[in-house]
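Novice: The following block contains the structure, expressed as structure tokens.
Bear in mind these aren't lab numbers, they're just calculated from the coordinates by the rules spelled out. In this text the structure is predicted, and so the values were computed from the model without any measurement. Every residue, glycine among them, receives a Cβ derived from its backbone with ideal geometry; neighbour counts consider all protein chains shown.
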């Protein structure tokens, strides 16, 4: 069995990050959760740049991506991910407070795997995070690493 | 033939004279003939008598052939100058004696007894009879010249009489003919006066009650009629002329068959610049541009008007000063009473102004449309922005709320054991306050969205809406005894979603405020009509409200109950009022504390009953 993969969480709000982490933890997910603060950090991490150039090998099993972030926003990150052979199979779940059609269209055009609107109520938010995390990280079968080798 | 053309006076006199003359002559001739006859008869009788006497006297001499005696007897005729010759013949036809003896007149051959006229003489033959035996014949020749003389006298006298009679006839006829000719001449002179002076107001004087009088009357009547018709015609022409002349906005002119201007009006002068004096008689081709004239347009247009009854077109017109303008020209044929073409009428409208005006209007229209589009785009953009704004506002407001709730929850989990009851109550308050705030934000967002959305007006089945709403409240009412009283309601025109919202709010309220009742009764029905709209009501037997504060009932966030009595944000009724107002209806309520409340509102039914 493959080692449990990481879940990448990208959100510029520290409170939302903490709440999400808490939710994932309470679900007893054994996965490690990597929490990043904005799009630039996310890209650095994924491309093993800057401060993350020494990070361990292996891609996350799922990416929970906020859209409204400073510097580099979620859509840019999504674009980068889905146009990079090595990264494009990673399931990306947009988790954002925006229900705007514009964002939905753009996200799906860029190949997002799921789009979740952050519930306003705390409880529902927790449920959503648990469901998403649980599904992608536990239930879903990630693509085997060999798929990356054939792309290289 | 000549007679036909002579004046009537002379004609009458001549005819009268001819009549008189002819009559006189006939009478004269008759009498003359009679006279001659008489004369002849007389002569013959006389000669016969003499002859008879002589014959008797001559019988002896003839019987005895005594020619001397016979000669003597015959010589007695000398006295009678009338008889110029005589002779006796015997029965064999031989001459016996003749008188005059040695006359140059040849002896008369024997004739039959009787008389015979010839060549100015009369021959009488008398038989000489003795004892019923004819011995011979006695011929007597009478000279008719006597008659002639006598007749001459007769004729002269007659001629004089004739002459006098004729004269009298002349005078008489001259006098008498006046009775006929005078009225006729009077009529004639009137007629001449009328025709020479074209004066139909004169009248002939009636003289007498005969056919001429009748003719005079008829003549006068005709003049009367002509005069009247002339007046009518003149008035009508005058009216028409005034009508046409004074029109300044249209050129109305008449053309003759060749296209020469026959009449002109004020509008033509205004448009073309020519006065009527200047232009009359000129050909209408001078109004055409040189190119049009070269292309034969004037003739072509006249031909179209002749063949098809009219020509219409928008063509370039040339003014007196040479400037051009666009005119809409109609050339129509004018016909005589008998349907013969006798000219054209041409009406021209200056459409330069109209064209300009049209272009201006089109331009204004385009401008307006552009402005409308721009404004609509602006409004749409503003709307979109507002929508986006309120959405993002609500989400931005909700994020901290989520955090408050979340961390309060996590705190409560984390410090559950170490918190005092009071501290836990404080924490609970924090959590519930944030929930309240979330609700307020939602309500406000919904309220603002509902105020901006476009209404889609369609027939709405109220019964269905109510049924669905009641069903939706099942959960809220499942542990209670709620009796719903509904009545069949007519179909209304409205935005389905919003009408649903109205009923949802009202029924939710009804359910909420009857919570304390043992038996809840909520009734929905029809309360009448107002201004062509139906009045609907929702009545409950719940807490009711104090009518003194009713004016605040529909205010945004206004409540008439404390939050500890009944929860709520105070936006439900504000929404209801907003929706009903957007449907051009009215909403009001009646209540008494603890006696329930009735909310009324009006909507437009699809059928006006």
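Novice: Where both residues lie in the protein assembly as shown, what percent of DSSP beta bridges are antiparallel, nearest 5?
Specialist: Roughly 80 percent of the DSSP beta bridges within the protein assembly as shown come out antiparallel.
Novice: Take the Cα gyration tensor of region B:155-194, multiply each eigenvalue by 5, square-root it, and list the three semi-axes largest first, rounded to whole angstrom.
Specialist: Numbers: eigenvalues 263, 10, 4 Å².
So the three semi-axes of region B:155-194 are 36, 7, 4 Å.
Novice: Here's a follow-up. Report the Cα-based extents of region B:2-71 along its three principal axes, largest first, to the nearest Å.
Specialist: Result, largest extent first: 81, 17, 12 Å.
Novice: Next question, about the same structure. Under 8 Å for C-alpha pairs, at least 6 residues apart: give me the relative contact order for chain A, rounded to a whole percent.
Specialist: Once divided by the residue count of chain A, the mean separation gives 24 percent.
Novice: Something else now. Counting only Cα, what are the radius of gyration and maximum Cα-Cα distance Dmax of region B:109-179, in Å?
Specialist: 23.6, 75
Novice: Just tell me how shielded B:385-395 is by partners: mean number of partner chain Cβ atoms within 10 Å of each residue's Cβ, no decimals.
Specialist: Mean number of neighbouring Cβ atoms from other chains: 2.
Novice: Continuing with the same structure: Calculate the length of the line joining the C-alpha centroid of region B:476-504 to that of region B:302-380, in whole Å.
Specialist: 62
Novice: Work out the FRET efficiency for residue B:80 and residue B:166 from their Cβ-Cβ distance, taking R0 = 41 Å, and round it to the nearest 0.05. Don't skip to the end; give the middle numbers.
Specialist: On the way: r = 40 Å, r/R0 = 0.98.
Using R0 = 41 Å, I get an efficiency of 0.55.
Novice: Below 8 Å, C-alpha to C-alpha, sequence gap of six or more: please give me the relative contact order for region B:397-490 in percent.
Specialist: 29
Novice: What's the average, rounded to a whole number, of partner chain beta-carbon atoms within 10 Å of each residue's beta-carbon in B:400-410?
Specialist: 6
Novice: Can you order the peptides A:133-142, B:188-197 by their average number of other Cβ atoms within 10 Å per residue, highest first?
Specialist: A:133-142, B:188-197
Novice: Then there is this: Report the full-extension gain for the segment residue B:9 to residue B:118: residue separation times 0.36 nm, less the Cα-Cα distance, to one decimal in nm.
Specialist: Residue separation times 0.36 nm, minus the Cα-Cα distance, leaves 34.4 nm.
Novice: What's the extension gain from residue B:295 to residue B:595 if we count 0.36 nm per residue and subtract their Cα-Cα distance?
Specialist: 98.4 nm
Novice: Kirkwood Rh and Cα-based Rg: tell me the resulting Rg over Rh for region B:196-281, rounded to two decimals.
Specialist: For region B:196-281, the value is 1.29.
Novice: Put a dot 7 Å past each Cα toward the Cβ at residue A:99 and residue B:27; how far apart are the dots in nm?
Specialist: Rounded to a tenth, the inter-label distance reads 14.5 nm.
Novice: How high is the FRET efficiency from residue A:141 to residue B:413, r the C-beta distance, R0 41 Å, rounded to 0.05?
Specialist: Values: r = 33 Å, r/R0 = 0.81.
Step by step, r from the Cβ atoms, then E = 0.80.
Novice: In peptide A:96-108, how many Cβ atoms from other protein chains are near each Cβ within 10 Å, on average?
Specialist: 2
Novice: Which value, in Å³ per residue, describes the convex hull spanned by the Cα atoms of region B:363-501?
Specialist: Cα convex hull per residue, to the nearest whole number: 143 Å³.
Novice: How long are the semi-axes of the ellipsoid equivalent to chain B, from square roots of 5 times the Cα gyration tensor eigenvalues, in whole Å, largest first?
Specialist: Those come to 153, 36, 21 Å.
Novice: Determine the shape class of region A:62-152: with a ≥ b ≥ c the square roots of the Cα gyration tensor eigenvalues, call it rounded for a/c under 1.5, and otherwise prolate if a/b is greater than b/c, oblate otherwise.
Specialist: Judged from the Cα gyration tensor, region A:62-152 comes out oblate (a/c at least 1.5, b/c at or above a/b).
Novice: Evaluate Rg over Rh across region B:312-392, taking Cα atoms for both radii and Kirkwood's formula for Rh.
Specialist: 1.49
Novice: Still on this model: Separation of region B:511-546 and region B:549-609 by C-alpha centroid, Å?
Specialist: Value for the Cα centre distance between the two parts: 11 Å.
Novice: For chain B, what is the mean residue ellipticity at 222 nm derived from helices alone (per DSSP H run of n ≥ 4: -39500 (n - 2.57); sum divided by total residues; nearest 500 deg cm²/dmol)?
Specialist: My calculation for chain B gives -18500 deg cm²/dmol from helical runs alone.
Novice: I would also like to ask the following. Order of B:439-447, B:147-155 by packing, highest average Cβ count within 10 Å first?
Specialist: B:439-447, B:147-155
Novice: Name the shape class, rounded, prolate or oblate, that the alpha-carbon gyration tensor gives for region B:534-599, where a ≥ b ≥ c are the square roots of its eigenvalues, rounded holds for a/c under 1.5, and otherwise prolate holds if a/b is larger than b/c and oblate otherwise.
Specialist: oblate
Novice: Continuing with this model, one more query. For region B:281-417, with equal point scatterers placed on the C-alpha atoms only and solvent neglected, what are the log10 I(q)/I(0) values from the Debye formula at q = 0.09, 0.11, 0.12 1/Å, to two decimals?
Specialist: One equal scatterer on each Cα of region B:281-417 leads to -0.57, -0.68, -0.74.
Novice: Please state, to two decimals, what the Cα-based radius of gyration of region B:470-577 comes to when divided by 2.2 N^0.38 Å (N = residues).
Specialist: Working it through for region B:470-577, the quotient is 1.10.
Novice: For residue B:130 and residue B:94, compute 0.36 nm times the residue count separating them, minus their Cα-Cα distance, and round to one decimal in nm. Each step should come with its number before you reach the end.
Specialist: Details: separation 36, 0.36 × 36 = 12.96 nm, distance 1.80 nm.
That works out to 11.2 nm of additional length.
Novice: Taking just the alpha-carbon atoms of region B:464-524, what radius of gyration and Dmax come out, in angstrom?
Specialist: Taking only Cα atoms of region B:464-524, I get Rg and Dmax of 11.9, 37 Å.
Novice: To continue, here is another question. Points 7 angstrom from Cα along the Cβ direction at residue B:308 and residue B:224: gap in nanometres?
Specialist: 5.1
Novice: Let me ask you something else. What 222 nm value per residue comes from the helices of chain A, counting each DSSP H run with n ≥ 4 as -39,500 (n - 2.57) and dividing by all residues, nearest 500 deg cm²/dmol?
Specialist: Values: 6 runs with 58 residues, N = 152.
Mean residue ellipticity, 222 nm, calculated: -11000 deg cm²/dmol.
Novice: Same structure, new question: Based on the Cβ-Cβ distance of residue B:567 and residue B:366, what FRET efficiency does E = 1/(1 + (r/R0)^6) give at R0 = 45 Å, to the nearest 0.05? Before the final figure, lay out each step's value.
Specialist: Values: r = 57 Å, r/R0 = 1.26.
For residue B:567 and residue B:366, the calculated efficiency is 0.20.
Novice: Further question: Need one word for region B:503-557: rounded, prolate or oblate. Basis is the Cα gyration tensor (sqrt eigenvalues a ≥ b ≥ c); a/c below 1.5 gives rounded, then a/b vs b/c decides.
Specialist: Cα axes put region B:503-557 in the oblate bin.
Novice: Turning to a different aspect of this structure: Which whole-number percent gives the relative contact order of region B:76-216, counting Cα pairs below 8 Å spaced six or more residues apart?
Specialist: Working: 157 pairs, mean separation 23.7, N = 141.
Relative contact order of region B:76-216: 17 percent.
Novice: How big is the Rg/Rh ratio for region B:66-202, C-alpha atoms only, Rh by Kirkwood, two decimals?
Specialist: Working: Rg = 32.6 Å, Rh = 20.4 Å.
Here the Rg-to-Rh quotient is 1.60.
Novice: Give me Rg/Rg_expected for the protein assembly as shown, where Rg uses Cα atoms only and Rg_expected = 2.2 N^0.38 Å with N residues.
Specialist: 2.69
Novice: Taking the Cα of residue B:558, stepping 7 Å toward and past its beta carbon, and measuring to each backbone N in region B:503-540: which are under 19 Å?
Specialist: Under cut-off, by backbone N: B:505-506, B:509-510.
Novice: Pop a pseudo-label 7 angstrom from the Cα along the beta-carbon direction at both residue B:358 and residue B:159 and give the gap in nm to one decimal.
Specialist: Taking the simple label geometry, residue B:358 and residue B:159 are separated by 10.3 nm.
Novice: Next question, about the same structure. Can you give me the Cα centroid spacing of region B:159-191 and region B:1-44 in angstrom?
Specialist: Taking the Cα centre of each part, region B:159-191 and region B:1-44 sit 18 Å apart.
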